[in-house]
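This report concerns only the one structure given below.
Since every read-out is calculated from the coordinates, none of them should be taken as a lab result. Note that the structure is predicted; figures quoted are calculated from it, not measured. Every residue, glycine among them, receives a Cβ derived from its backbone with ideal geometry; neighbour counts consider all protein chains shown.
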Amino acid sequence: MPAEISLVILNYNGAQWLDRCLESVCRQTAVSRLEVIITDNGSKDDSRAICERYAPRLPALRFINNGKNLWYCEANNIGAADARSPLVFILNNDLWLEPDCVASLLQAAAENPDTQLFSARVLNYDDDTFQGFGALGLDWFGVCAGTPDHTVPRELFSGFGCAFVVRKDYFFKVGGYPPELLIYGDELDLGWRVWASGGHILSTPSAKVHHRGAAVANPAGGSKQVELRTNEMKRFLSVRNGVLLILKNAQHVLLLMLIPHLGMLLCEALFFLATTGNWKFVRNSYGKGIWDAFRMLPHVRQWRRKIRSFRCRNDFWMLRFLHLMPARLGELKLILQLGVPKVDQK
């Protein structure tokens, strides 16, 4: 019987996480209805050997060796393109699924044929404390507003990037992931395009996933995040992609978000300069990130043309996702809890 859902697991030197991730897949109540695709960015650790150990229990498991680090966007495009089922479950490797997770998502997809993307309920790795669902919308700075915990499905602006299901045909209809983004902000970019094209996104509270999060950028603490840590590349990509999100997807009136967004980035840069004294970090992450976004105007024009070809909803319709409460307040609470982010020299 052909698979009904394809689990696409992105991996890059993630041997420490794969065992629990794949074991949780084996324990799914809907294990006979799924296939597993590991899209691997040229790992040098024991990732492939671990996957091979699970092959007898997951006969529909395939390992795609991309040969090098293609980052998040392109590697997931490759995995999704290889999927043999109509539903693609995009997963990070630093998570594990509760037994009914896949069955709940399959049921949600069957009951909501007009919905294109379903976001799982993401909990912390070691316990049942809530981590997120995805974005409820954007604040007027163009920053994603988090979704509070809930038990009844509700509309979201975007799914949680570590664990969501998308209909394969629709994923590629709206362009998949732009490889140029590499990583960060990609789920918001996808969510905006889904809504603009006339689609729908729903949370699926009964589908539970336990996620470590920031496992590469914040490795200390093992399965629990105990500090905030960043580096030039992470901040550069986050800054650049945040600007690109607005430039590419906003049709007209929402382009005004770019003004407060750039002001917010200036304040963030001054904050890092004051707390770290590291001018090189601020220049290479914030200065170059903003510059690179505007340098990519040919990329922006290409995607604006693509989005215009399938746009069904204009900016005035999209205003329903605009939130007045600044979303950065959540990050401020995290800083108060874990301290000022440490900057790695990378």
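With +1 on each Lys and Arg Cβ and -1 on each Asp and Glu Cβ, and nothing else charged, work out how big the dipole of the chain is about its Cα centre, in Debye to the nearest 20.
1100 debye
How large is the dipole of the range 229-344 about the Cα centre if only Lys and Arg carry +1 and Asp and Glu carry -1, each at its Cβ, rounded to the nearest 20 debye?
Using only the charged Cβ atoms, the result is roughly 520 debye.
Semi-axes of the equivalent ellipsoid for the chain, please: Cα gyration tensor eigenvalues, times 5, square-rooted, ordered largest first, whole Å.
On the way: eigenvalues 185, 119, 74 Å².
Result for the chain: semi-axes of 30, 24, 19 Å.
Work out how much length K173 to N278 would gain on full extension: take 0.36 nm times their residue separation and subtract the Cα-Cα distance, in nm to one decimal. It would help to have the intermediate numbers written out before the result.
On the way: separation 105, 0.36 × 105 = 37.80 nm, distance 4.32 nm.
Extra length available between K173 and N278 comes to 33.5 nm.
If the limit is 28 Å between Cα atoms, which of K68/K168; K44/K288; K208/K288 go over it? Write out the running numbers ahead of the final one.
On the way: K68/K168 25 Å; K44/K288 31 Å; K208/K288 38 Å.
Exceeds cut-off: K44/K288; K208/K288.
Which of P99, S119, P56 sits closest to the plus end of the dipole of the range 1-123, meaning its Cα is farthest towards the positive end, when Lys and Arg get +1 and Asp and Glu get -1 on the C-beta?
About the Cα centre, the residue reaching furthest to the positive side is P56.
Once both labels are modelled 7 Å past Cα along the beta-carbon direction, what's the L270-D114 spacing in nm?
4.8 nm
Tell me the Rg and the Dmax, in Å, that the Cα atoms of the range 229-344 produce.
For the range 229-344, the Cα radius of gyration and maximum Cα-Cα distance read 16.0, 47 Å.
Treat every Asp and Glu Cβ in the range 5-211 as -1 and every Lys and Arg Cβ as +1, leave all other atoms uncharged, and give the resulting dipole magnitude about the Cα centre to the nearest 20 debye.
Charge dipole, the range 5-211, about its Cα centre: 560 debye, nearest 20.
Measuring from label point to label point, each 7 Å out along Cα→Cβ, what is the R154 to R305 span in nm?
Going by the 7 Å Cα→Cβ label model, 4.0 nm.
Can you give the extra length, in nm with one decimal, that the chain gains between R295 and D82 once fully stretched, where that is 0.36 nm per residue apart less the Cα-Cα distance?
Between R295 and D82, full extension yields 73.4 nm more.
Based on the Cα coordinates of the range 5-211, what is the per residue volume of their convex hull in Å³?
Roughly 110 Å³ of hull volume per residue.
For a Förster distance of 35 Å, can you work out the FRET efficiency between the beta-carbons of I259 and D46, rounded to the nearest 0.05?
Details: r = 49 Å, r/R0 = 1.40.
That gives a FRET efficiency of 0.10.
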